[in-house]
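Heads up, the thing below is written out as structure tokens.
The values are calculated or read from the model by the stated rules, or taken from the named source; none is laboratory data. All values derive from a computational prediction rather than experimental measurement. Note: ideal-geometry Cβ built from the backbone for every residue, glycine included; neighbour counts use all protein chains shown.
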Amino acid sequence: MASQFIRHVLRLDLEEKILNIGSLSALVCVAFPWVSGEWLGGKHVTYTGLGFFTSFIGIAIVLLHLYVLLVTLIPLTGGPAIVQEKNKDGLRLFTTLLASALTVAAWSVLTKVSFEFRLEISFGLYGTLIGSLVSSLYSFLLFQEKRKHTSPDIHTYTASVPPPAIEPEDHRF
């Protein structure tokens, strides 16, 4: 069973693999430290993406990237498709762009907090941002590729019969 799953994963397109690796890395990096430093009173603190002021944003990012991974992994294990094939790339693009936007929103909140206190942004937020942007880029590439293959070719020449020529009118007096 595991070898069959690995075989299915290895058969994925390169873009699909990179999309899922980026999403998995963003998902894992939410659990790494996002903010660390000295809090009020000299106490050293470290907060992950699931703690502190941005915990709801971190939970949303986890759920969005988990959705992107499940859209790919459930059909590979023999389960039913979560999304129809024609809508899959568009929904993954929307989901990864939303996760990237939420990561930037968390970054802005944590930057403001780090200016007020002796805190600094840690590597978990960098990893989440990079993973979200990579998955957004490759979901966009897959979306464009799908659109290219489904759109009609407008540059094909179809021979049509030209309309009959109208004879010029005679305007002499």
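Of the helices (runs of 4 or more DSSP H) contained entirely in the stretch 1-92, those carrying at least 1 residues that are under 26 Å from Glu120 (Cβ atoms) and in contact (Cβ under 8 Å) with a residue 40 or more places away in the chain fall at 14-29, 55-76.
A single member of Phe56, Phe5 is closer than 13 Å to Thr103 by Cα and surrounded by fewer than 17 Cβ atoms within 10 Å (Cβ to Cβ), and it is Phe56. Looking at the stretch 140-159, can you tell me whether even one residue there is assigned to a helix (DSSP H, G or I), touching a helix residue (DSSP H, G or I) at 6+ places or on another chain (Cβ under 9 Å), under 20 Å from Ala60 (Cα atoms) and not polar (S, T, N, Q)? No: the stretch 140-159 contains no residue that is assigned to a helix (DSSP H, G or I), touching a helix residue (DSSP H, G or I) at 6+ places or on another chain (Cβ under 9 Å), under 20 Å from Ala60 (Cα atoms) and not polar (S, T, N, Q). Of the residues making up the stretch 121-173, those that are at pLDDT 85 or above and among the polar types (S, T, N, Q) are Ser122, Thr128, Ser132, Ser135, Ser136, Ser139, Gln144.
Restricting attention to the stretch 99-120, which residues are at pLDDT 85 or above and under 20 Å from Ala31 (Cβ atoms)? Those that are at pLDDT 85 or above and under 20 Å from Ala31 (Cβ atoms): Ala99, Ser100, Leu102, Thr103, Val104, Ala105, Ala106, Trp107, Val109, Leu110, Glu120.
Each row is one residue, and each column tells you yes or no for (1) of a type in the set (Val, Ile, Thr); (2) over 21 Å from the mean Cα position of the chain (by Cα); (3) over 17 Å from Asn20 (Cβ atoms).
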site: Gly79; (1), (2), (3): no, yes, no
site: Leu91; (1), (2), (3): no, no, no
site: Phe94; (1), (2), (3): no, no, no
site: Leu97; (1), (2), (3): no, no, no
site: Leu102; (1), (2), (3): no, no, yes
site: Trp107; (1), (2), (3): no, no, yes
site: Thr111; (1), (2), (3): yes, yes, yes
site: Phe117; (1), (2), (3): no, yes, yes
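Within the stretch 98-124, residues that are free of Cβ contacts under 8 Å to residues at least 60 places away in the same chain and farther than 19 Å from Ser139 by Cβ reach no partner that is exposed (fewer than 13 other Cβ atoms within 10 Å of the Cβ) and among the basic types (Lys, Arg) with beta carbons closer than 6 Å at six or more positions or on different chains.
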